[in-house]
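Shown next, in structure tokens, is the structure this report addresses.
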Amino acid sequence: MIRLSFSILLLLLIKLVFISGLQNCFIDSNNFYCKFGSKTPYRNIANYEDSSFNFPGCTEKKIWFLIRHGTRYPKRKQILSFIEKLPEIKNLILENFRLNKTTLTVSSALKFTKWKVTFDLNQSKTLAEEGENEMIDLAERFQSRFPSILIKNYDNTTYKFKYTATQRTELSAKNFALGLFGMKKSQNVLYENAEKDDPILRFYKNCKLWRQAIHKKPAATKEREKFIKSRTVENMLNEFSERIGEKLDFDTVLLIYLACSFETALGQVSPWCDLLSLKDFEILDYLEDLKSFWKDGYGHSLNCDQSCGTLKNMFEFFESNAKLSVVSYFTHSGAIVKFLCLLGLSKDETPLTSESFLFHKDNRLWRTSLIDTFASNIAFIFYNCKSQGPSILFMHQERIVQLPNCPPNMPCPVFKMKDMYPDNDEECKFDEMCSIEKKEL
């Protein structure tokens, strides 16, 4: 019988208590902290079970990561709006509370008396401490799962790191390396030169047709704009106004939602969340999903198809005879969701529209608060298997996900994946599909 020391038992108990006390939106998403869309902090969905995997007859050989940067600060325009508008709204709410015109509780009013803008314009879109910790913890858990690949001694012939030309992905990469190698060894890590419009990490920046016909065009925003003008949103605004004793327009309520989202993501207690009901969160969360669905997801086939070069890169890496065994790419929301779309994941039977809110409210698969949080991650792990040959395990958000036509909870034979997905130049004609001379999306 194996006897565990008291210290080991204590550590296991602490870990169990820690995990059980976390708010995990994969287990229960009926909470406001699961309704922040792409602004959801990774701690709300992380998989803290980091035991190593064992597939009989299979040996792990390589791993390929595509990781969204960690939690960041808001955009400059958003910070400006927080600075210019929120203090005035705060004073208005407190005055209405004093006049007994709100449904605000005393504790919520007290939060507002202590609240002030904590964002600085110099922080715009930079990685926050929360994001740094997300990357460190993510690396440590993956290392626990795949210790024979993610070895702790850094070697630039086995590890490849690359990020986009942004501060938030650069620091994400460096903190991920810190989690793998520790403070001293991570200082020796070499990173490939960042490219402004990286063809693997930001392929959509090079897709002229997508930028001209979808990005920031009615094709991407039409359903969202229609939903904003719907009776559902109108009723939400009326109910919100009654609760605070003041009529506010949609843009102001959206600003309050963003303040709540970012402050919560950064680990702050946000009084702005107290103003919103769970129904408000559901509506505002759906608005973001509508935009994502049509701009980056299944709303247009080009959204998905243009990420084929990134998938091809994975296949090429696994087939290479080079010593390289770990590829870690650090990218953005736009790449993650388009890539998931190409894989055919999180696909609803009916498209998300301005009129389908009630139908999709509780059971939609395209939910950015689960699939596209800060620090969202995709991992392909290459195995040599005796019975089925070269195989690939797919993971999203640190969880094994079954790809179409693949066996559940085990690596999928490479030949099956190649039958389903583009893996060569003939099947991935990026320039042709992205040409502005193309007539149809």
- Under 18 Å from the Cα of Lys116 - aspartates and glutamates, other chains or at least 8 residues apart: Glu84, Glu88, Glu95, Glu263, Asp274
- Task: Would you mind getting the accessible area per residue of the range 253-333, heavy atoms of the protein chains only, 1.4 Å probe, in Å²?
- Result: 25 Å²
- Here are some pairs, Lys39/Lys160; Lys226/Lys295; Lys216/Lys312; Lys90/Lys291; Lys62/Lys152; Lys39/Lys75; which of them have Cα atoms lying more than 18 Å apart in this structure? Lys39/Lys160; Lys216/Lys312; Lys90/Lys291
- Message: Quick check: Cα centre of the range 207-279 to Cα centre of the range 181-204, how many Å?
- Response: 34 Å
- Message: Just to confirm the filter: which trypsin sites (Lys or Arg not before Pro) across the range 277-385 are DSSP coil and have at most 11 other Cβ within 10 angstrom of their Cβ?
- Response: Lys323
- For the range 311-366, go through all pairs of different Cα atoms, get the mean of 1/r, take its inverse, and jot down that Kirkwood value in Å. 14.3 Å
- Item | Solvent exposure ordering (accessible area, 1.4 Å, most first) of Trp294, Trp210 | Trp294, Trp210
- Message: Which order do you get for Ile27, Ile151 if you rank them by accessible area with a 1.4 Å probe, largest at the top?
- Response: Ile27, Ile151
- Compactness relative to 2.2 N^0.38 Å, alpha carbon Rg of the chain: 1.03
- Query: Nearest 10 degrees, 0 to 90: what angle lies between the long axis of helix 6-20 and the longest principal axis of the chain (Cα atoms)?
  - Reply: 50 degrees
- Estimate the FRET efficiency between Lys184 and Phe250 by the formula 1/(1 + (r/R0)^6), using the beta-carbon distance for r and 51 Å for R0, to the nearest 0.05. 0.50
- In the chain the DSSP beta bridges are antiparallel at a rate, in percent to nearest 5, of 65 percent
- Using a probe of 1.4 angstrom, how much of the accessible area of the range 335-441 is carbon and sulfur, in percent? 50 percent
- Task: Using only Cα atoms, find the angle between the long axis of helix 167-186 and the longest principal axis of the chain, and express it within 0 to 90 degrees, rounded to the nearest 10.
- Result: 50 degrees
- Query: Full extension from Ile436 to Ser107: what is 0.36 nm times the residue separation minus their Cα-Cα distance, to one decimal in nm?
  - Reply: 112.9 nm
- Across 10 Å bins from 0, what is the distribution of all Cα-Cα pair distances for the range 216-263, in whole percents? 23, 45, 28, 3
- Efficiency by 1/(1 + (r/R0)^6): what FRET value for Lys114 and Glu239, r their Cβ-Cβ distance, R0 = 25 Å, to the nearest 0.05? 0.40
- Could you state the accessible area per residue of the range 98-150 in Å², with a 1.4 Å probe and every protein chain left in place? 53 Å²
- Message: Please report the projected area of the range 111-152's Cα convex hull averaged over all directions, in nm².
- Response: 5.0 nm²
- Query: How far is helix 250-265 tilted, in degrees, relative to the longest principal axis of the Cα atoms in the chain, given as a value from 0 to 90 rounded to the nearest 10?
  - Reply: 50 degrees
- In the range 350-441, which GluC sites (Glu not before Pro) fall in coil by DSSP and have 16 or fewer other Cβ atoms within 10 Å? Glu355, Glu426, Glu427, Glu437, Glu440
- May I ask you to list the GluC sites (Glu not before Pro) in the range 186-269 that are in a DSSP loop and have at most 14 other Cβ atoms within 10 Å of their Cβ? Glu192
- On a C-alpha basis, how far is the centre of the range 22-65 from the centre of the range 401-430 in Å? Whole number, if you could? 22 Å
- Task: Calculate I(q)/I(0) for the range 168-305 by the Debye formula, one identical point scatterer on each C-alpha and no solvent, and give its log10 at q = 0.09, 0.13 Å⁻¹ to two decimals.
- Result: -0.46, -0.82
- Message: What aspartates and glutamates does Lys185 reach when the alpha-carbon gap must be under 13 Å and sequence neighbours fewer than 8 apart in one chain are set aside?
- Response: Asp155
- Report the relative contact order of the chain, percent, no decimals, based on alpha-carbon pairs under 8 angstrom and at least 6 residues apart. 26 percent
- Message: Using only the heavy atoms of the protein chains and a 1.4 Å probe, how would Thr126, Thr118 rank by accessible area, largest first?
- Response: Thr118, Thr126
- Query: Each label point is 7 Å from the Cα along the Cα-to-Cβ direction; what then is the distance between the points at Thr350 and Leu121, in nm?
  - Reply: 4.7 nm
- Once all protein chains are kept in place, Asp251 shows an accessible area at probe 1.4 Å, nearest 10 Å², of 110 Å²
- Take every Cα-Cα pair in the range 16-115 and report what % of them are more than 15 Å apart. 78 percent
- Message: Not counting ligands, DNA or RNA, and with a 1.4 Å probe, what is His360's accessible surface area in Å² rounded to the nearest 10?
- Response: 0 Å²
- Rounded to the nearest 0.05, what FRET efficiency is calculated for Asn405 and Ser320 with R0 set to 25 Å and r the Cβ-Cβ distance? 0.50
- Task: Report Rg(Cα)/(2.2 N^0.38 Å) for the range 265-403, keeping two decimals.
- Result: 1.25
- Task: Leaving ligands, DNA and RNA out of it, work out the accessible area of Val189 with a 1.4 Å probe and give it in Å² to the nearest 10.
- Result: 10 Å²
- Assign one of three labels to the range 129-181, namely rounded, prolate or oblate, based on the Cα gyration tensor with a ≥ b ≥ c the square roots of its eigenvalues; rounded applies when a/c is under 1.5, prolate when it is not and a/b is larger than b/c, and oblate otherwise. oblate
- Item | Under the Debye formula (equal points on every Cα, no solvent term), log10 I(q)/I(0) of the range 88-136 at q = 0.18, 0.28 Å⁻¹ | -0.68, -1.00
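The values are calculated or read from the model by the stated rules, or taken from the named source; none is laboratory data. Keep in mind that what you see is a predicted model, and the values were worked out from it rather than measured. Don't worry about glycine lacking a Cβ; one is built from the backbone with ideal geometry, like all the others, and counts go over all protein chains shown. Quick note on the areas: whole protein, heavy atoms, side chains included, nothing else; ligands and nucleic acids left out. Shrake-Rupley method; radii C 1.70, N 1.55, O 1.52, S 1.80 Å.
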